Structure formats: C-alpha cells, structure tokens
Amino acid sequence: MFKTGDEIIPVSLGGTSYKDAKLVMKSNVAAVLPSLKSYLFEFFFQILIWGALFFITSIVLSEESSDATNVIITLSIICISFSGIVRFIFYRIRKTHHFDKKLGVYYAGKVLNTKLAIKLSEIAILHLISKEIYSSGKTYTSFELSFCTLDNQRIIIMNHGDRYEIKSDADILSRFLGVPCEDLRKGAIYE
C-alpha cells in the first residue's frame, strides 16, 4: 500500500490502448479473463511474421539462386524463433485471475495452485492507476487495475485503454471483495 508522501508507481510500466481483459462474474467467483482483442493483437503479430516468411520465400524461389535452400532454412528458423518469442510474451502477459469466495482465495491461472494462492481476506485495497504511455511518437492513456495485500504485495490484474469500462469493472470487483478502490495517477504524490 502507498503511504502518505509516496510517489505513485504502477506495477507495470507498460499498458494497452485497448481492453486487454474483461471481468466475468459467476455466483461466487469473479474472474478476469483475456479479451478477444488481446488474442487478435497476438494473431496480428503472427500474421506479420509468417506473411514475411512466405513473401520473402516467394522472392527467393523466383530468383533461382543456388543459395535458396539455405536462405529459406535460415528465414524459417528466424520466423519460428520470433513466433515462439511472441507466443511466450503473450502467454506471460495474458493471465486469468480468479477471486473465489467459496474457497476464499485469489489465484492466477486456470488451475488453483494452493502454494501461490492469496487469501481474499489479505486483499486490502484495489488501485486504479492512470498512466501515460509513449509509443511510436504517440501518447495515450492506459489504466492499470491492481490490488495490494496486507503485506504490501501488489498484483496487476488488468490493463485497459477505456477509463469508464475499467472503472466500472473496478467498482464491481471492489463491491465483490468488500475493499475500497482508489483512483490514482502515475507520478503523483500519495495523500
């Protein structure tokens, strides 16, 4: 938790200009699941990688070079590597988060790992932090929803580009967990 005089620092310095996750409520479970747009974003990168491979391969094959096989093999290895890296990055970023009142725990992932689970009673506060993201010469505002435990562990559960939707999700989750949600801004001094 932030103390008076602390600078507001988000858990993640990155962000998204789109809705990367959605809140789904089911009886005693609040789940934050990856959105369709997050899958489409990864798919876009995969199309670029494999499209480049096929495009360059067609050029190499049309030139009837004696080195065509080596170029295609090298390009294939590079594309498979990039594709694997993109997949790994999105796998690490795109997590599901479960707040299960019946079990009384929060856990990330599809399956409960009791060693990594956090008791819901240990969640002290939700933070909705707005932050400016600078990318490709452009600036956009992204919003991070995270929670803080009683032992000051901070966990990010959602990044979002739409302030009203993430604020709505934060309010629903705040009521579900029975904890307050603070609206904060990156770089501001906590009061």
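Coordinate-derived values only; no laboratory data. Fair warning: this is a prediction, and the values are worked out from it, not measured in the lab. Here the Cβ positions follow ideal geometry from the backbone for every residue, glycine too, while neighbour counts run over all protein chains shown.
For Lys3 and Phe176, what does the FRET efficiency come to when R0 = 35 Å and r is the distance between their Cβ atoms, rounded to the nearest 0.05?
Calculated transfer efficiency: 0.85.
How high is the FRET efficiency from Ile155 to Val86, r the C-beta distance, R0 25 Å, rounded to 0.05?
0.55
Between Leu33 and Phe54, what FRET efficiency comes out of the Förster formula 1/(1 + (r/R0)^6) with R0 = 35 Å and r the beta carbon distance, rounded to 0.05?
0.60
Report the label-to-label distance for Ala117 and Lys101 in nanometres (one decimal), using points 7 Å from each Cα along the Cα→Cβ vector.
1.7
Just the Cα atoms of the chain, one point each, no solvent: what log10 I(q)/I(0) does Debye give at q = 0.08 Å⁻¹?
Debye curve over Cα of the chain, log10 I(q)/I(0) at q = 0.08 Å⁻¹: -0.37.
Please report, in whole Å³, the volume per residue of the convex hull around the C-alpha atoms of region 1-64.
Spread over its residues, the Cα hull of region 1-64 gives 151 Å³ apiece.
Tell me, what is the percent relative contact order of the chain, built from C-alpha pairs under 8 Å that lie six or more residues apart?
The value is 31 percent.
List the aspartates and glutamates whose alpha-carbon lies under 20 Å from that of Lys26, not counting same-chain residues fewer than 8 positions away?
Asp100, Glu165, Asp169, Asp171
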